[in-house]
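Everything below concerns the one structure shown next.
Taken together, the values in this text are just the output of simple stated rules run on the coordinates, not laboratory data. Predicted model, so just to flag it, every value in this text is computed and none were measured. Note that we place each Cβ from the backbone using ideal geometry, even for glycine, and neighbour counts take in every protein chain shown.
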Amino acid sequence: MARKLIRSDSEWKDHLNDEQYYVTRQSGTEAPFSGAYVDHDDEGVYHCTCCKNPLFSSDDKFDAGCGWPSFSAQITHGVVTHLADNSHGMDRTEVRCQHCDAHLGHIFDDGPEPLGMRYCINSVALDFDKSN
């Protein structure tokens, strides 16, 4: 397993724009239906905007109608971590990048079969590489 990417707060601020920093380093959330990848249908791979770790494939992206890009699975098991999140009076599971600990979004159990999972991810936490 690759070493975790660790940067100081000031290094993250230099590396990310204000919205990326708010979402990925302060566990924020972008406004629904505002992100670049909500209605994005190109084929390729979605990477962590902080460390470029590959996270999700367009093959697993689906329209959940929730206002954020949704995926039914990780690109490879173990590229994200799941943490209990009881903030804002809700009982949820947070999704973070395994490599750099960036907040990505949340996972819910209302996705399509066969796994039934919905990774609800902030667009601003992702970069996209189009397949050739």
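Just want the ordering: Trp68, Trp12, from fewest to most Cβ atoms lying within 10 Å of their own Cβ.
So the ranking, lowest neighbour count to highest, is Trp12, Trp68.
Take the alpha carbon gyration tensor of the chain, find the square roots of its eigenvalues, order them as a ≥ b ≥ c, and report rounded if a/c is under 1.5; if not, report prolate when a/b exceeds b/c, else oblate.
In terms of gyration-tensor shape, rounded.
Okay, helix-only estimate at 222 nm for the chain: each DSSP H run of n ≥ 4 adds -39500 (n - 2.57), divide by all residues, round to 500 deg cm²/dmol; what do you get?
My calculation for the chain gives -3000 deg cm²/dmol from helical runs alone.
Using 0.36 nm per residue of separation minus the Cα-Cα distance, give me the extension gain between Asn17 and Thr76 in nm, one decimal.
Gain on extension, Asn17 to Thr76, equals 18.5 nm.
So how much slack lies between His88 and Asp9, counting 0.36 nm per residue of separation and subtracting their Cα-Cα distance, in nm?
On the way: separation 79, 0.36 × 79 = 28.44 nm, distance 2.45 nm.
Additional length available on full extension: 26.0 nm.
Taking R0 as 35 Å, what FRET efficiency do you get between Ser131 and Ser27 from their Cβ-Cβ distance, rounded to the nearest 0.05?
Working: r = 31 Å, r/R0 = 0.88.
Taking R0 as 35 Å, the efficiency between Ser131 and Ser27 is 0.70.
HN-Hα J couplings of the stretch 25-31 from phi, Karplus 6.51/-1.76/1.60, θ = phi - 60°, integer Hz, Gly and Pro as x?
9, 10, 6, x, 9, 6, 5
Among Ser27, Ser34, rank each residue by its count of other Cβ atoms within 10 Å, from fewest to most, as a rough exposure measure.
By the 10 Å Cβ count, ascending, the order reads Ser34, Ser27.
Between the stretch 1-75 and the stretch 79-132, what is the C-alpha centre distance in whole Å?
Cα centroid to Cα centroid, the span is 9 Å.
Tell me which of Ile107, Phe33, Asn86 sits at the most positive position along the dipole axis of the chain, charges placed on C-beta atoms (Lys, Arg +1; Asp, Glu -1).
Selected residue: Asn86.
Among Arg3, Arg25, which comes first, then next, by fewest other beta-carbon atoms within 10 Å?
Arg3, Arg25
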